[in-house]
Amino acid sequence: MRDIDTDRRAGKRTLAVRLGRERTRVLFAAIVAGAFLTSWVPWFAGALSPWLFLTAAAAPLALGIVTTVRMHADGPSLNSALARSAKLALLFCLLLCAGILA
């Protein structure tokens with residue numbers, strides 16, 4: 001999303017360019033929320049324990065990142081969100097693994 005303007009000027013047809021800034025923000029939020037919701041599906045299906053809800057511990061970090069992406073369009077803010085997204089992915093995966101193994 002941070003490169004939408006330069007990609008558009010360069011003639012690139014990335015997903016963010018095609019969707020536009022606002023819909024890209026909505027897609028980002030939906031993907032983050034979808035990761036949490038789908039991680040709980042095995043519990044709802046009765047296949048695994050409620051320890052899967054450990055992933056919810058990462059929700060405050062996710063909310064902060066989604067808020068940053070929603071409110072800012074400048075490079076430094078979005079670069080920070082990108083770095084925090086990598087940390088979120090690691091934390092989420094560790095919590096999900098712990099929930100599956102518990």
On full extension of the chain, what length is gained from Asp5 through Leu94, given 0.36 nm per residue of separation minus the C-alpha to C-alpha distance? 28.5 nm
If you stretched the chain out fully between Leu27 and Ala102, how much longer would it get, using 0.36 nm times the residue separation minus the C-alpha to C-alpha distance? 23.8 nm
Which ³J(HN,Hα) values, rounded to whole Hz and listed in residue order, are derived for region 71-76 from phi using the Karplus coefficients 6.51, -1.76 and 1.60 in 6.51 cos²θ - 1.76 cosθ + 1.60 with θ = phi - 60°, glycine and proline given as x? 9, 10, 10, 7, x, x
For labels at Met71 and Leu15 in the simple 7 Å Cα→Cβ model, what's the distance in nm? 2.6 nm
Return the FRET efficiency for the residue pair Asn79, Val41: r is the Cβ-Cβ distance, R0 is 25 Å, and the value is rounded to the nearest 0.05. 0.15
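Every read-out reported here was derived from the displayed coordinates using simple, explicitly stated rules and does not represent laboratory data. Owing to the predicted nature of the structure, the values given are computational and were not obtained by experimental measurement. Positions of Cβ are backbone-derived with ideal geometry, glycine not excepted, and every protein chain shown enters the neighbour counts.
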